[in-house]
Amino acid sequence: MLVEGISDQVAVETLARVQARDLMNEGVVVVPIGGAHSLLRFLTRFGPADGGLCVGGLCDAAEERHFCDDLARAGYAQPSTRSELEREGFFVCDRDLEDELIRALGSDAIETILAEEGDLGSFRTLQKQAAWRDACFVDQLRRFLGAGARRKLRYASLFVLALDLDRQPRPLRGVLSRA
């Protein structure tokens with residue numbers, strides 16, 4: 001399973017554990033590829049021409065067309081719609097997986113998690129800064145998560161663990177159902 005970054009890997013592996021799945025025993029490996037522009041290299045290595053492995057994954061909305069093109073370059077049928085991309089095993093996150101998790105949880109649940117982790121005060125400080133005062137909650141939170149050392153990785157797991165089972169983001173649920 002190819003994902004763009006390490007925080008995506010953490011989220012996928014955490015949800016698998018919540019679902020009582022052992023991806024390793026199922027023969028599934030979640031591989032962070034270091035960004036969408038590395039996709040072709042991984043598809044070539046693992047895909048139909050060389051590895052012949054069943055490959056799927058997640059991508060950000062901004063990278064959807066790139067994923068479709070690279071699938072064709074690597075010897076897969078070229079998807080032209082999001083539905084066709086999903087049939088190939090790749091699920092698109094609106095904006096990105098972090099945004100999907102933020103929307104699924106909502107601001108109240110996120111602020112509760114930040115408080116439990118001792119980070120709500122720091123987040124409030126960021127919200128008061130002139131550059132972020134008028135930004136929406138999602139943009140403020142994304143900036144906050146990206147600014148702290150390893151914060152994005154830590155919160156990827158915490159956000160997944162806080163999800164109600166019926167509120168799992170569609171792309172995350174979809175990619176695990178194909179794994």
**Request:** Report which label in [x] 10.6; [y] 12.8; [z] 9.6 holds the value of mean projected area of the Cα convex hull in nm² derived from the coordinates of this structure.
**Result:** [x]
**Prompt:** How much mean residue ellipticity at 222 nm does the chain get from its helices, if each DSSP H run of length 4 or more adds -39500 (n - 2.57) and you divide by all residues, to the nearest 500 deg cm²/dmol?
**Reply:** -15500 deg cm²/dmol
**Request:** Compute the separation of the alpha-carbon centres of region 3-17 and region 109-166 and state it in Å as a whole number.
**Result:** 18 Å
**Request:** Please turn the phi angles of region 128-145 into ³J(HN,Hα) values with the Karplus equation 6.51 cos²θ - 1.76 cosθ + 1.60 (θ = phi - 60°), one per residue in order, whole Hz, x for glycine and proline.
**Result:** 8, 5, 3, 5, 10, 3, 9, 6, 6, 3, 4, 5, 4, 5, 4, 5, 4, 5
**Message:** Can you tell me which of Glu64, Glu116, Glu98 moves the most in a GNM of the chain? Springs connect C-alpha atoms under 10 Å apart.
**Reply:** Glu116
**Message:** Is there a quick way to get the dipole size of the chain? I mean about its Cα centre, with the Cβ of Lys and Arg at +1 and of Asp and Glu at -1; what is the value in debye to the nearest 20?
**Reply:** 280 debye
**Item:** Calculated FRET value between Leu161 and Cys136, using beta carbons and R₀ = 35 Å, to 0.05
**Value:** 0.90
**Asked** Cα extents of region 32-97 along the three principal axes, largest first, in whole Å?
**Response** 31, 24, 16
**Prompt:** Considering only Gly89, Ser38, Ala179, whose Cα is most displaced toward the positive end of the charge dipole of the chain, charges sitting on Cβ of Lys, Arg (+1) and Asp, Glu (-1)?
**Reply:** Ser38
**Potential extension, Asp94-Arg41 segment - 0.36 nm per residue separation minus Cα distance** = 16.7 nm
**Fill in**
Expressed in nanometres to one decimal, the distance between label points 7 Å along Cα→Cβ at Gln127 and Cys54 is 4.4 nm
**Request:** State the extension gain, in nm to one decimal, for the chain segment bounded by Arg82 and Asn25, taking 0.36 nm per residue of separation less the distance between their alpha-carbons.
**Result:** 17.5 nm
**Asked** How large is ³J(HN,Hα), in whole Hz, for each residue of region 170-179 in order, when computed from phi with the Karplus curve 6.51 cos²θ - 1.76 cosθ + 1.60 and θ = phi - 60°, using x for Gly and Pro?
**Response** 3, x, 5, 4, x, 5, 6, 5, 8, 6
**Extreme residue, positive dipole direction of the chain, given options Ala72, Gln127, Cys59 (C-beta unit charges)** = Gln127
**Prompt:** Of the residues Ala16, Ala77, Ala36, which exhibits the maximal mean-square fluctuation in a Gaussian network model of the chain defined by a 10 Å Cα contact cut-off?
**Reply:** Ala77
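Just so you know, all these numbers are worked out from the coordinates, no wet-lab data involved. As the structure is a prediction and not an experimental result, all values here were calculated from the model. All Cβ positions, glycine included, derive from the backbone under ideal geometry; neighbour counts span all protein chains shown.
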